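These notes are about the structure you will find just below.
Taken together, the values in this text are just the output of simple stated rules run on the coordinates, not laboratory data. Every value quoted in this text rests on a predicted model; they were computed, and no experiment measured them. So basically every Cβ, Gly included, is an ideal-geometry build from the backbone, and we count neighbours across all protein chains shown.
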Amino acid sequence: MTTDRLEYYREYEKRRKPRDRTEYYRAYDKERLPEKVEYIKDYKKKNPEKTNSWAKNQRHRVIRDVFEAYGAKCNRCGDSNFLHLQLHHKDGDGGERRRLDSSERNTVKWAYANGFPDVLELLCASCHLEHHRLTDYGWAPYVGQEEPVT
């Protein structure tokens with residue numbers, strides 16, 4: 001090629017607008033959407049063990065990672081049974097945080113997404129209940145305190 005031809009192509013490439021194919025792809029996807037939906041429904045009906053088990057395993061993996069990040073045992077009594085463990089907001093603003101941020105419905109997912117913040121601690125169900133009874137109501141009968149006289 002001659003140099004004039006090369007210069008022409010270089011200038012052409014500079015001036016040329018890139019083709020935008022998003023509209024084409026959107027229209028194509030809209031046409032195929034019913035087929036995709038039907039395919040997914042059929043697949044889930046034929047393979048329920050695969051689809052359900054993957055989601056279940058993913059949830060369990062997230063829960064395990066969060067609990068292990070917080071020590072995998074109760075911070076007060078040392079109980080390490082995963083079925084007993086719960087996340088507790090140290091500063092007591094869990095309800096307020098959920099009201100402000102409607103996307104935070106699940107504290108475990110929130111902790112995973114936000115890099116395991118220090119505002120949470122791991123407590124077993126008994127210690128968690130005891131903590132809230134003592135802080136919210138001022139007494140817990142099973143701790144040995146008498147019920148407050150009102």
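Of note:
- With both labels modelled 7 Å from their Cα along Cα-to-Cβ, the Lys50 to Glu68 distance reads 2.7 nm.
- Loop-located chymotrypsin sites (Phe, Trp or Tyr not before Pro) in the stretch 43-128 (DSSP state not H, G, I, E or B) with no more than 14 neighbouring Cβ atoms inside 10 Å: Phe82.
- Neighbourhood charge, 12 Å Cβ-Cβ cut-off, centred on Glu38 and excluding it, Lys, Arg +1 and Asp, Glu -1: +3
- Close Lys pairs in the stretch 29-142 (alpha-carbon distance under 30 Å; sequence gap of 8 or more, or different chains): 27.
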